[in-house]
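The values are calculated or read from the model by the stated rules, or taken from the named source; none is laboratory data. Only a predicted model underlies this, so the values are computations on that prediction, with no experimental measurement involved. Reconstructed Cβ throughout: ideal geometry from the backbone, glycine too, with neighbour counts over all protein chains shown.
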Amino acid sequence: MTTTDFRTTPVEREVRVVGAWRGAWLRVEGLWTWYRRYWTSNLYSSGLQPLLFLLAMGVGFGSQVEPGALTGGVSYVQYVAPALLVAGSMQFAVGESSWPVLSGFKWQKSYVAITATPITPGQVLGGHFLWVGLRVTLAAVVYVVVASFFGAWTGPGVVGAALVGVVTGLACAAPVTALAATTYDEGGRFSALFRFVVMPMVLFSGTFFPVSELPLALRWLAWVSPLWHGNELARGLALGGLDLLPALGHAAVLVALFAVGGLVARHFFYRRLVV
């Protein structure tokens, strides 16, 4: 080993061996090796659950809802389909960033094993976000294709709605990943997260009805929800009529949430894995 090698930090030497992007993709490759063997066990949560919601609410209940001002003049199934895509993406991304991340630290300790190699905690985190993004993208494509058989889409704007679903999923995954990195118990807080945060967001963030129908004193809860911003973007792209400035505002909130959550998660990944 040269003198220069002694002067560099361990992280700097690691990055020299495995580039930042390559290290993250190596993590994705490892996850894909597992997934291609057990993908059927994830089929319900990643693809079928949003479709069942669409059938129940959009086709079943929606058959009793007449197109009108509240639905933007379109059928109810076309009204809820983009929002259910985003809500399903959010739920899946949060699920993949809670117990599975904690398991990487605490139970399976795969993160500990990986960072014993030239892959850094930051690359492990980057691989996690890449994997969540790929999984959400796959689920969104399946949803879009199957939902089209029920007349859920009115035009090519659904492609943008699918992209919004991925962005919203990652925006919500980042702070949950940071939460998981600071969890040392058995993860009971995740049950509370789903019960008191995720499900209320799905129900009251404009997924099934406009937030204007909520009492005025409660509307701010929907407005601060990342899911509401995703719903507004996806619905505007899928149905048309999305104004530029509101769209930029919604997108800025989602990007900022992902950036801040990702930075906090990175801090705690290094704090927990670098000894």
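Check whether at least one residue in the stretch 45-55 is of a type outside the set (Lys, Arg), modelled with pLDDT under 80 and touching a Lys or Arg at 6+ places or on another chain (Cβ under 8 Å), and report yes or no.
Checked the stretch 45-55: at least one residue is of a type outside the set (Lys, Arg), modelled with pLDDT under 80 and touching a Lys or Arg at 6+ places or on another chain (Cβ under 8 Å).
In this structure, does Gly23 turn out to be surrounded by 15 or more Cβ atoms within 10 Å (Cβ to Cβ), at pLDDT below 95, small (Gly, Ala, Ser) and within 19 Å of the chain's Cα centre (by Cα)? Show your work before the answer.
Working: surrounded by 15 or more Cβ atoms within 10 Å (Cβ to Cβ): yes; at pLDDT below 95: yes; small (Gly, Ala, Ser): yes; within 19 Å of the chain's Cα centre (by Cα): no.
When the stated conditions are applied, Gly23 does not pass them.
What single numbered condition from (1) at pLDDT 95 or above; (2) of a type in the set (A, V, I, L, M, F, W, C); (3) farther than 27 Å from Leu52 by Cβ fails to hold for Cys172?
All conditions pass for Cys172, except number (3).
Among the polar types (S, T, N, Q), out of contact with any Leu (no Cβ under 6 Å at 6 or more places or on another chain) and more than 30 Å from Ser103 (Cβ to Cβ), is that true of Ser212? Write out each step before concluding.
Values: among the polar types (S, T, N, Q): yes; out of contact with any Leu (no Cβ under 6 Å at 6 or more places or on another chain): yes; more than 30 Å from Ser103 (Cβ to Cβ): yes.
So Ser212 fits the description; yes.
Kindly evaluate Arg195 against the criterion of being in a helix (DSSP H, G or I), free of Cβ contacts under 8 Å to residues at least 12 places away in the same chain and under 30 Å from Ala238 (Cβ atoms).
On the way: in a helix (DSSP H, G or I): yes; free of Cβ contacts under 8 Å to residues at least 12 places away in the same chain: yes; under 30 Å from Ala238 (Cβ atoms): yes.
Here the answer is yes, as Arg195 does meet what is asked.
Identify all residues within the stretch 220-256 that are at pLDDT 95 or above and in a loop (DSSP other than H, G, I, E, B); write none if there are none.
Ser225
Sort through Phe194, Phe190 and tell me the only one that's of a type in the set (Phe, Trp, Tyr), surrounded by fewer than 21 Cβ atoms within 10 Å (Cβ to Cβ) and within 18 Å of Phe92 (Cβ to Cβ).
On the way: Phe190 fails: surrounded by fewer than 21 Cβ atoms within 10 Å (Cβ to Cβ).
When all the criteria are applied, what remains is Phe194.
Those residues that are surrounded by fewer than 19 Cβ atoms within 10 Å (Cβ to Cβ) and either of a type in the set (Val, Ile, Thr) or over 18 Å from Gly88 (Cβ atoms) (or both), I need them from the stretch 158-182; list them, please.
Val159, Thr182
Looking at the structure I just gave you, is Tyr111 part of a loop (DSSP other than H, G, I, E, B) and modelled with pLDDT of 95 or more?
no
List, please: which pairs have Cβ atoms under 7 Å, are six or more places apart or on different chains, and start with a residue in the stretch 209-223 that is without any contact (Cβ under 8 Å) to a residue 60 or more places away in the chain and surrounded by 13 or more Cβ atoms within 10 Å (Cβ to Cβ) and end with one that is among the basic types (Lys, Arg) and in a helix (DSSP H, G or I)?
Val211/Arg219
Taking interchain pairs and intrachain pairs at least six residues apart, which have beta carbon atoms under 6 angstrom, with the first residue in the stretch 4-33 and under 15 Å from Pro118 (Cα atoms) and the second modelled with pLDDT of 50 or more and assigned to a helix (DSSP H, G or I)?
Close Cβ pairs satisfying both conditions: Gly23/Gln123; Ala24/Gln123; Ala24/Gly126; Ala24/Gly127; Ala24/Leu130; Arg27/Val124; Arg27/Gly127.
In the stretch 56-107, which residue that is touching a Pro at 6+ places or on another chain (Cβ under 8 Å) and without any contact (Cβ under 8 Å) to a residue 60 or more places away in the chain is surrounded by the fewest Cβ atoms within 10 Å (Cβ to Cβ)?
Checked the stretch 56-107; the qualifying residue surrounded by the fewest Cβ atoms within 10 Å (Cβ to Cβ) is Gly73.
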